[in-house]
Amino acid sequence: MIIAVASGKGGTGKTTVAVNLALALQLENNVKFFDCDVEAPNAYLFLKPNITHSEPVVTACPTVDGTRCTFCGKCAEVCAFHALVVLKERVLLYPELCHDCGGCELFCPQNAIGKKERKIGIIESGLAGNIAFFQGRLTPGEPFSPPLIRALKRIVSNDSIVILDAPPGTSCPVVTTIEGSDFCLLVTEPTPFGLHDLALAVELVQKLEIRAGVVVNRADIGDDKVDAYCAKKGLPVLMRLPYDQELAIKYAQGMSAVGVLPEYQQKFSQLYQEINVLAR
Amino acid sequence: MKKIRGDVKTLTIISGKGGTGKTSIVGSFASLAKKAVFADCDVDAADLSLIMDARIKTASEFKASQKARIDVAKCIQCGDCEDKCRFNAIQNCKVDYFLCEGCRVCSLVCPQGAISMEDVCSGQLFISDTPYGPLVHARLEPGEENSGKLVTLVRQTAEQIARNEGFEYIIVDGPPGIGCPVIASLTGATASLIVTEPTISAISDLKRVLSVCNHFKVPPFVCVNRCDLYQENVTRITEFCQQEGVEILGMIPYDPNVVRALVQGKPVVGYTESAASQQIRKLWDRLAERVTLQ
């Protein structure tokens with residue numbers, strides 16, 4: 001069972017929900033946790049894994065063999081991403097624009113194009129209690145996170161409960177994360193911002209044909225329009241978490257609800273039971 | 001994007017972590033800044049227009065990518081396209097819309113000329129009138145790529161308006177994270193304001209987003225939102241910023257009026273003179289002074 005936790009709007013509590021779900025399930029299940037928010041990975045602050053393995057993630061970018069190149073311009077012509085510009089006696093490379101599609105290499109008539117690897121971040125893993133923990137960390141200054149997320153997801157296997165903590169938004173990093181999941185939990189808050197971005201996230205899961213349910217965080221602030229929207233869309237609201245000042249202070253320090261208040265253990269186990277029914 | 005010359009100053013608000021209060025703060029700046037154009041660069045979760053009483057004046061399509069389409073009548077199922085696609089976007093002669101990155105390698109290798117590349121409308125660009133000044137915003141269709149390009153388009157449009165109509169500032173509401181839309185929101189800006197909060201997550205992301213500011217040489221400032229949540233972390237942020245030579249320009253307390261104002265579709269400044277509004281006013285004064293000097 002692969003469960004993705006996403007949101008549209010940032011800061012609604014994705015990591016809180018993902019971490020507590022993992023903590024509540026780890027006693028009786030095999031749980032694997034993947035922090036796919038590689039631009040701003042934070043789950044490690046709460047799960048406190050013992051990181052025992054780290055490996056670089058690389059993407060490739062082209063190199064040009066100056067002794068073979070005739071500056072014919074074919075590579076620049078086929079590149080849809082403008083990662084190469086051919087001048088009279090020089091080829092300019094923009095490696096950060098390269099998608100590693102292989103077009104330039106494939107179509108160069110002189111076989112002058114090779115590739116070199118470029119590190120864009122790392123994948124780290126280790127154990128957090130009984131939870132197998134994995135995270136990606138994008139190197140600051142690197143623009144594209146999807147290759148790093150794809151590298152993380154290659155490790156995902158469906159032999160346990162897999163929890164994917166997604167980045168905010170609804171664009172390519174989110175698609176890369178949630179694609180192929182059995183269920184997507186959408187975490188929102190009952191404000192106009194929360195509702196607006198929830199609606200975008202719902203459009204996305206519908207396009208990807210992933211079953212989804214909603215968690216309303218800080219359920220007692222704002223207004224009741226999120227509920228009205230969910231009712232209209234037939235989206236199940238699976239959990240409501242009230243704003244709790246004491247928990248917010250614990251959260252600020254890296255403590256999670258399941259660790260602090262025993263009733264949350266029950267709440268999150270129950271959430272999983274409901275997901276289990278809906279995902280089938 | 002090139003550094004803006006002349007008198008137009010671009011100020012980008014970012015945070016690393018989402019939900020620290022970027023948009024609420026930018027909305028409040030709107031009611032304080034005279035002569036500013038606003039640019040909502042969080043294009044895949046664009047919320048600024050919701051608290052600026054925006055009326056859309058013009059809407060245009062954003063086309064920046066292509067997707068492959070296979071003509072089944074011409075396809076002989078040779079599988080060349082499938083072999084050469086590095087994104088696993090073609091399976092059994094069908095293109096997966098979300099996996100296709102539009103590199104067109106398939107269309108170039110197809111011996112039958114059966115694959116064409118089609119322009120995709122990835123979103124819309126809007127120019128709106130608001131009581132506070134012009135707002136440029138966008139809607140990236142859920143699941144689309146090229147958010148960085150759409151961000152650049154939003155900024156360029158805001159820049160044009162600022163130049164043509166003689167505005168002093170462009171205030172950019174940036175996206176969370178540190179990836180391509182953040183970089184596109186940040187490059188060439190006069191200064192950035194990082195909105196953080198005293199939580200262990202926000203501090204971790206503050207560090208990451210600050211290194212992006214340094215990488216692209218955009219002078220950073222910091223403000224701490226919900227500063228009364230946990231004092232020890234405020235101390236940590238203060239020490240970290242001192243060590244990095246970054247000035248903290250404001251401390252905004254938790255204030256339920258921010259959400260009350262939001263539910264009414266208003267920024268908190270102008271809605272009520274509460275604790276948060278007062279601190280945001282001070283923050284804006286300090287920030288405007290610093291940005292003018294840049």
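At-a-glance table
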| quantity | calculated |
| --- | --- |
| Qualifying residue in the range A:237-247 (condition: of a type in the set (S, T, N, Q) and either in contact with a Pro (Cβ under 6 Å, 6 or more places away or on another chain) or outside any helix (DSSP H, G or I) (or both)) | no |
| Those residues of the range A:179-202 which are under 18 Å from A:I3 (Cα atoms) and either within 10 Å of the chain's Cα centre (by Cα) or not in a strand (DSSP E or B) (or both), in sequence order | A:E179, A:G180, A:S181, A:D182, A:L198, A:A201, A:V202 |
| Failed item in (1) at the interface with chain B (Cβ under 9 Å from one of its Cβ atoms); (2) touching a strand residue (DSSP E or B) at 6+ places or on another chain (Cβ under 8 Å), with A:L186 passing the rest | (1) |
| The range B:185-202, subset outside any loop (DSSP other than H, G, I, E, B) and facing chain A (nearest Cβ under 8 Å), residue surrounded by the fewest Cβ atoms within 10 Å (Cβ to Cβ) | B:I200 |
| Output for the range A:7-38, where each listed residue is within 11 Å of another protein chain (Cβ to nearest Cβ) and either farther than 23 Å from A:A199 by Cβ or not acidic (D, E) (or both) | A:S7, A:G8, A:K9, A:G10, A:G11, A:T12, A:G13, A:K14, A:T15, A:T16, A:V19, A:V38 |
| Entirely in the range A:75-178, the strands (runs of 3 or more DSSP E) that have 2 or more residues that are among the charged types (D, E, K, R) and closer than 30 Å to B:V43 by Cα | A:113-128 |
| Considering residues of the range A:107-123 that are surrounded by 15 or more Cβ atoms within 10 Å (Cβ to Cβ) and within 14 Å of chain B (Cβ to nearest Cβ) only, the residue modelled with the lowest pLDDT | A:K115 |
| Flag if B:D7 is surrounded by fewer than 24 Cβ atoms within 10 Å (Cβ to Cβ), away from chain A (no Cβ under 12 Å) and within 24 Å of B:G166 (Cα to Cα) | yes |
| One residue from A:A132, A:A128, A:A43, A:A80 being within 13 Å of chain B (Cβ to nearest Cβ), closer than 29 Å to A:G169 by Cα, in contact (Cβ under 8 Å) with a residue 40 or more places away in the chain and aliphatic (A, V, I, L, M) | A:A43 |
| Test: residue in the range A:4-11 that is farther than 21 Å from B:C180 by Cβ and either buried (at least 24 other Cβ atoms within 10 Å of the Cβ) or touching a residue at least 40 places away in the same chain (Cβ under 8 Å) (or both) | yes |
| Of all residues in the range B:115-149 being part of a loop (DSSP other than H, G, I, E, B) and away from chain A (no Cβ under 14 Å), the one that is surrounded by the fewest Cβ atoms within 10 Å (Cβ to Cβ) | B:P131 |
| Lone qualifier among A:F81, A:F71 - being farther than 30 Å from A:Q273 by Cβ, of a type in the set (F, W, Y) and modelled with pLDDT under 95 | A:F81 |
| Test: B:A68 is in a strand (DSSP E or B), buried (at least 17 other Cβ atoms within 10 Å of the Cβ) and touching a Cys at 6+ places or on another chain (Cβ under 6 Å) | yes |
| Qualifying residue in the range B:22-30 (condition: surrounded by fewer than 20 Cβ atoms within 10 Å (Cβ to Cβ) and either more than 18 Å from the chain's Cα centre (by Cα) or within 13 Å of B:T130 (Cα to Cα) (or both)) | no |
| Residue match in the range A:21-30 (condition: touching an Asp or Glu at 6+ places or on another chain (Cβ under 8 Å), farther than 18 Å from A:M239 by Cβ and at pLDDT 95 or above) | yes |
| Within the range B:150-184, tally of residues that are in contact with a Cys (Cβ under 8 Å, 6 or more places away or on another chain) and either β-branched (V, I, T) or within 12 Å of chain A (Cβ to nearest Cβ) (or both) | 8 |
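The values are calculated or read from the model by the stated rules, or taken from the named source; none is laboratory data. None of the values given here were measured: they were computed from a predicted structure. For neighbour counting, all protein chains shown are included, and Cβ atoms are generated from backbone atoms with ideal geometry for every residue, glycine included.
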